[in-house]
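The values are calculated or read from the model by the stated rules, or taken from the named source; none is laboratory data. Given the structure is predicted, the values throughout are model-derived calculations rather than measurements. So basically every Cβ, Gly included, is an ideal-geometry build from the backbone, and we count neighbours across all protein chains shown. Areas reflect the complete protein model, heavy atoms only, side chains present, ligands, DNA and RNA absent. Shrake-Rupley method; radii C 1.70, N 1.55, O 1.52, S 1.80 Å.
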Amino acid sequence: MRFLGNIEAKTDTKGRAFLPALFRKELQDSKEGYLVMRKDVFQPCLVLYPESTWNEQTEILRQRLNRWDNNHQRIFRQFVSDAEIVTLDGNGRFLIPKRYLKMAGITQSIKFIGMDDTIEIWSSENTEKPFMEPQEFSSALESIMGHAAPENV
């Protein structure tokens with residue numbers, strides 16, 4: 001499953017949005033049962049995880065955490081308690097709860113950004129400037145990819 005694209009949309013007065021058709025088709029083709037929404041850990045956006053991706057990510061996190069370590073349990077609890085199952089209605093709409101709209105600073109205009117195996121939902125105001133300046137981006141890519149083993153290129 002690969003989500004690609006940068007699609008502008010709007011939420012209605014109840015906080016509902018249409019998942020872009022391109023992303024709906026990708027979900028249908030992969031036979032995903034539902035999506036999971038949570039606020040991104042680092043950025044002021046929301047992340048939609050297909051069921052399989054969510055299960056995979058929580059399993060990876062769980063494997064790295066010790067159930068008998070209080071701080072690890074608090075981390076896991078925070079991660080999963082900030083998540084909510086999202087289902088699409090027959091028209092491809094879903095509700096973004098008010099608390100999530102507030103967390104991401106979303107008023108009405110939003111942008112869906114395909115991030116490979118997840119979908120980010122941004123307030124359009126937060127995407128007016130580039131995420132990285134062009135020189136910073138090219139330097140970062142060079143630093144990461146310029147040192148990759150030849151078979152990984």
Q: Pop out the carbon and sulfur fraction of the accessible area of the range 2-110 as a percent, whole number, probe 1.4 Å.
A: 51
Q | Mean ellipticity per residue at 222 nm, deg cm²/dmol - from DSSP H runs of n ≥ 4 across the chain, formula -39500 (n - 2.57) | A | -10500 deg cm²/dmol
Q. Across bins of 5 angstrom width beginning at 0, how are the C-alpha pair distances of the range 1-45 distributed, in whole percent?
A. 5, 15, 21, 28, 23, 8, 1
Q: Specify which residue in the list 76, 36, 9 is farthest towards the positive end of the charge dipole of the range 1-93, using unit charges on the beta carbon of Lys, Arg (+1) and Asp, Glu (-1), about the Cα centre.
A: 76
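If packing is taken as the average number of other Cβ atoms within 10 Å across a peptide's residues, how do 88-96, 134-142 rank, most packed first?
Most protected by this proxy first, the peptides run 88-96, 134-142.
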Q) What is the Cα centroid distance between the range 12-29 and the range 63-103, reported in whole angstrom? A) 19
Q: Compute the signed sum of charges (Lys and Arg +1, Asp and Glu -1) over the other residues within less than 14 Å, Cβ to Cβ, of residue 34.
A: -1
Q) Given a 1.4 Å probe and the protein chains all in place, what does the accessible area of residue 39 round to, in Å² to the nearest 10? A) 50
Q.
Which order do the peptides 78-86, 109-117 come out in when sorted by mean C-beta neighbours inside 10 angstrom, highest first?
A. 109-117, 78-86
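Using the heavy atoms of the protein chains alone and a 1.4 angstrom probe, what is the accessible area of the range 46-87 per residue in square angstrom?
67
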Q: Roll a 1.4 Å probe over the protein heavy atoms and report the accessible area of residue 101 in Å², nearest 10.
A: 20
Q. Relative contact order (percent) for the chain, with alpha-carbon contacts under 8 angstrom and 6 or more residues of separation?
A. 34
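Using only the Cα atoms of the range 30-153, construct the convex hull and provide its projected area averaged over every direction, in square nanometres to one decimal.
It is 10.8 nm².
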